Amino acid sequence: MQETPLTLAMILRRTERLFGDKALMTGPPAGSDRPVERTTYGAWAERTRRVGGVLDALGVAPDARVGTFAWNTARHLELYFGIPCTGRILHTLNIRLFAEQLSYIINHAADELIFIERSLLPLLWPLAGEIPTVRHLVVIDDGAAVEIPDDPRVLDYEKVLAAASPVEHHIEDERLACAMCYTSGTTGNPKGVVYSHRSTVLHAMGTMMADSAAVCERDIVLPVVPLFHANGWGLAHSAAFAGASLVLPGSDLSPKALARLIVEERVTLAAGVPTIWMGLLPELVGRDTSALTRMVCGGSAVPKALSESYRREIGLPILQAWGMTETNPVASMCRLRSTLESRSEEEQADIRASQGVIVPCIDVRIIGPAGDEVRWDGTSRGELQVSGPWIARGYYDDPRSPDSFTDDGWLRTGDVATMSPEGYIRLVDRSKDVIKSGGEWISSVDLENEIMGHPDVAEAAVIAVPDPKWAERPLACVVCKPGTALTEEQVIEWLRPRVARWWLPDRVVFVEEIPKTSVGKFSKKDLRDRFGAAPSSA
């Protein structure tokens, strides 16, 4: 058989040739009264080819890492294909990371160029002196009232794009790196995951399968999940591949704005983290949502009550997906099997609250404490491990890789899970003390280290506690040094310039001592028992 390379260039050519007239939309910026910006895949493809000309004209190395610091917009989508289709590597930068993590990621990847939206300049420009590999910042003007630095390193996106010539894309090696994302840095510095053209195309095909997200040409897709979050869940690739229309929300992620896009643009498939769906439901009740057929939710476990609220109010339960940055990311999807439709509504709701069945092409196993696979009985627990053609086999230039991958090549997810006899995965615990708030990880260790940097703090431990909106929020347990005293406000103010705003603990409690294990480690189990553990992800 022929061995045609599976590359993003192949997707671009297909989209341009077959679906050039399909719509591509971008929502207006937050606080703006501008209408939805509309273009077509045909116009997008021409601009995407010019992106390659920009990179050539600026002398960017053929295998360079090129960063993006942007919202979900049609211009970001130009970069999503325009960079990797030249053989370079798209590096999506998380706009929510703290400055130290951001500069670490840019320097570790050695980005040569960063495309950045004007509204986001205040987050990145202060780091300009700390990222020596970056030769240019190319500013995408989103209309924000932000002063553009008068610096020869800063260029205007539209000007350089207009001056560039379109290039043809020919990627011969499907195993060539095409994109990279970094984890959220829950234990130490973030870790880089590099995706190949082959893995990305296969992942896109996986999300197009009927029992997966079923992305198809008839769809109008709204990816609320950021394009920088775990490869945008692959929706940018699968929508273009299938020829589905795309509605990109831009910077306004308010419930009112998202509801308006869903209703007015007749969205059929929308995807986001649980906190998005929590805020959105009141805005959708009583409105015409008849076009919606799937509401995909990932990033953290979907509360059963939330999914059932959607089923009652708009007649459509949430479709839960599970994955990680290391899994490209979609690895499982929770669709109710035909053989389970005779079960009671309560039983069906319980099934929908699980992480679902592993998608085709991905293999799964649960390894117990003794190193053996556990039974699929719905109660036996172990570490969830996965393998497959779009699962990472290691981290980029990172000595920590052996900690997360087995000798026989399986990804150790760090999640403790059970498997039902029908193959439904249910996460029941975590092997690491991380906090998942609104679909984003918060490192308890990093928070503890920052708190213990205060001169009046002797010890500190951070645990997750339940939160009705964000699923989990951090609670800090602090021991003051003898003869000193602190207030909750003082601890928060100490942290404010040191961590991202959404990492700040909701509560600080003061204790006489932090309980210890037999080997002298903090016993967070005891703290959870005392202050209330976060609910399991089941």
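The set of residues from segment 303-315 being of a type in the set (A, V, I, L, M) and in contact with a Leu (Cβ under 9 Å, 6 or more places away or on another chain) comprises Leu306, Ile314. Of all the numbered requirements in (1) without any contact (Cβ under 8 Å) to a residue 40 or more places away in the chain; (2) under 30 Å from Thr413 (Cα atoms); (3) part of a loop (DSSP other than H, G, I, E, B), Met295 misses one, and that requirement is (3).
Restricting attention to segment 114-136, the residues being surrounded by 22 or more Cβ atoms within 10 Å (Cβ to Cβ) and under 10 Å from Tyr157 (Cβ atoms) number 3.
Scanning segment 358-369 turns up at least one residue that is surrounded by fewer than 21 Cβ atoms within 10 Å (Cβ to Cβ), over 29 Å from Pro274 (Cα atoms) and without any contact (Cβ under 8 Å) to a residue 24 or more places away in the chain.
Of all the numbered requirements in (1) assigned to a loop (DSSP other than H, G, I, E, B); (2) crowded, with 21+ Cβ neighbours inside 10 Å, Arg375 misses one, and that requirement is (2).
Across segment 386-400, which residue is surrounded by the most Cβ atoms within 10 Å (Cβ to Cβ) among those that are over 23 Å from Met205 (Cβ atoms) and under 20 Å from the mean Cα position of the chain (by Cα)? Checking each candidate, the answer is Tyr395.
The residues listed here are Glu172, Glu130; of these, the one that is at pLDDT below 95, among the acidic types (Asp, Glu) and within 24 Å of Asp63 (Cα to Cα) is Glu172. Ala240 meets the conditions (1) touching a strand residue (DSSP E or B) at 6+ places or on another chain (Cβ under 6 Å); (2) on the phi < 0 side of the Ramachandran plot in every case but one. The failed one is (1).
Does segment 234-248 include one or more residues that are closer than 22 Å to Phe98 by Cα and in contact (Cβ under 8 Å) with a residue 12 or more places away in the chain? No, there is no match, as no residue in segment 234-248 is closer than 22 Å to Phe98 by Cα and in contact (Cβ under 8 Å) with a residue 12 or more places away in the chain.
Among the residues of segment 309-341, the ones that are of a type in the set (Gly, Ala, Ser) and in a strand (DSSP E or B) come to 4 in all.
For segment 342-357, a tally of residues being without any contact (Cβ under 8 Å) to a residue 40 or more places away in the chain and outside any loop (DSSP other than H, G, I, E, B) returns 4.
The values are calculated or read from the model by the stated rules, or taken from the named source; none is laboratory data. Because the structure is a prediction, the values reported are computed rather than measured. With ideal geometry, Cβ positions are generated from the backbone for all residues, glycine too; neighbour counts draw on all protein chains shown.
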